[in-house]
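J.: Structure provided below as structure tokens; questions to follow.
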Amino acid sequence: MTKSKSNDIHPVSTFIEDLSINLTSAPSPNAPPNTITARRLVIVGDVHGSRKTLEKLLQTVQFDKDKGDLLIFVGDLVNKGPDSGGVIDLALRLTARSVRGNHDDAVLRAAERLKQPGDSATEQTEKKSRSTITAEGLSPEQIGYLAGLPMILRIRLTAPVLDVCTIVVVHAGIVPGVPLEEQDAHAVMHMRSLGRGEDVKLVPMEEAGERGWVEDWDEWQGREEGTMVVFGHDARRRLQRGRFALGLESGCVYGGMLSAWVVGEGGMDVVQVECVDEVVESE
């Protein structure tokens with residue numbers, strides 16, 4: 001079972017970012033203060049440096065920032081795929097929001113190590129790692145974008161969409177019954193399933209387990225409807241549709257699909273496109 005490893009991650013500047021979103025196709029002068037008016041939310045699964053496929057997906061959903069569309073990622077913008085820098089540049093240009101994924105964090109830690117002097121043997125080993133190679137190819141601005149990503153994005157809608165009032169975006173998952181503020185940062189980026197501890201509490205696990213954490217979440221969340229968790233990370237299970245959770249990691253970088261959840265005042269839908277970037281072998 002996974003124990004807390006939050007001290008092993010790159011420092012977090014913001015653990016939870018809160019947004020108030022007013023979903024409407026027209027400006028709303030009566031929206032609460034500090035509320036963002038958006039035509040649609042386009043929440044995208046793990047991109048992993050697959051810039052061309054991301055552009056294809058945005059074209060497919062007819063994403064238009066100027067018309068009020070808001071782009072959000074579930075983390076793992078970088079690593080594995082051919083153009084991590086291009087993905088970040090596109091995110092910056094479109095003023096996209098995101099949470100930090102485990103690969104984003106690995107690149108941040110690699111970038112920090114590159115600043116530190118070390119023995120040549122260690123440096124040679126690290127330079128062979130995927131995260132270090134990615135970090136070497138990113139600019140300070142691109143690294144800064146990753147470093148500023150929160151662990152959790154909590155979106156409160158001013159009006160529910162199909163009974164969804166709150167959308168929580170994380171990279172891997174959250175433990176039922178634990179307040180968002182008390183979730184373990186490492187687990188939020190790495191968990192795939194839940195085990196039972198000695199005190200019968202649910203414990204995050206990085207292993208896939210017999211079933212994903214979504215089933216436990218649905219059973220627990222049924223007592224407090226209205227919150228939808230959107231996540232990525234678990235590529236082996238591909239697209240996961242729970243009642244109160246949606247997993248968007250559909251294996252794009254392995255030759256699968258890149259998925260998005262499109263939410264507007266009129267409803268919500270999952271849109272997928274096939275990968276058009278260079279793919280890597282499955283883990």
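J.: Which shape class, rounded, prolate or oblate, goes with segment 156-198 when its Cα gyration tensor gives a ≥ b ≥ c as root eigenvalues, a/c under 1.5 marks rounded, and past that a/b bigger than b/c marks prolate?
T.: Prolate is the answer for segment 156-198, as a/c is 1.5 or above and a/b outweighs b/c.
J.: For the chain, just say rounded, prolate or oblate: build the C-alpha gyration tensor, square-root its eigenvalues into a ≥ b ≥ c, call rounded for a/c under 1.5, and beyond that prolate if a/b exceeds b/c, oblate if not.
T.: oblate
J.: Can you list residues whose amide H is under 5 Å from D277's amide H, if they're 5+ apart or on another chain and H is modeled 1.01 Å from N?
T.: T53
J.: Could you list which residues have their amide H under 5 Å from that of A245, counting only those 5 or more apart in sequence or on another chain, with H placed in the peptide plane?
T.: V229
J.: Please work out whether segment 146-227 counts as rounded, prolate or oblate from its C-alpha gyration tensor, where a ≥ b ≥ c are the square roots of the eigenvalues and a/c under 1.5 means rounded, while otherwise a/b larger than b/c means prolate and anything else oblate?
T.: Oblate shape, in that a/c is at least 1.5 and b/c is the bigger or equal ratio.
J.: Also: Mind checking the per residue accessible area of the chain for me, 1.4 Å probe, whole number of Å²?
T.: Value for the chain: 46 Å² per residue.
J.: Based solely on its DSSP helices, what 222 nm [θ] is calculated for the chain when runs of n ≥ 4 H residues each add -39,500 (n - 2.57) and the sum is averaged over all residues, nearest 500 deg cm²/dmol?
T.: Counting only the DSSP helices, I get -7000 deg cm²/dmol.
J.: Which aspartates and glutamates does K115 reach when only Cα atoms under 20 Å apart count, and residues fewer than 8 places away in its own chain are ignored?
T.: Qualifying aspartates and glutamates at Cα under 20 Å: D8, D104, D105, E123, E126, E136, E141.
J.: How large is ³J(HN,Hα) for each residue in segment 174-187, as worked out from phi by the Karplus curve 6.51 cos²θ - 1.76 cosθ + 1.60 (θ = phi - 60°), to whole Hz, x for Gly and Pro?
T.: Using θ = phi - 60°, the values come out as 9, 8, x, x, 9, x, 4, 5, 10, 5, 7, 4, 5, 5 Hz.
J.: Would you calculate the separation in nanometres between label points at R130 and S13, each defined as 7 Å from the Cα along the Cα-to-beta-carbon direction?
T.: 2.7
The values are calculated or read from the model by the stated rules, or taken from the named source; none is laboratory data. Owing to the predicted nature of the structure, the values given are computational and were not obtained by experimental measurement. Neighbour counts run over all protein chains shown; Cβ positions are idealised from the backbone, glycine included. Please note that ligands, DNA and RNA were not included when accessible areas were found on the heavy atoms of the full protein model with its side chains. Shrake-Rupley method; radii C 1.70, N 1.55, O 1.52, S 1.80 Å.
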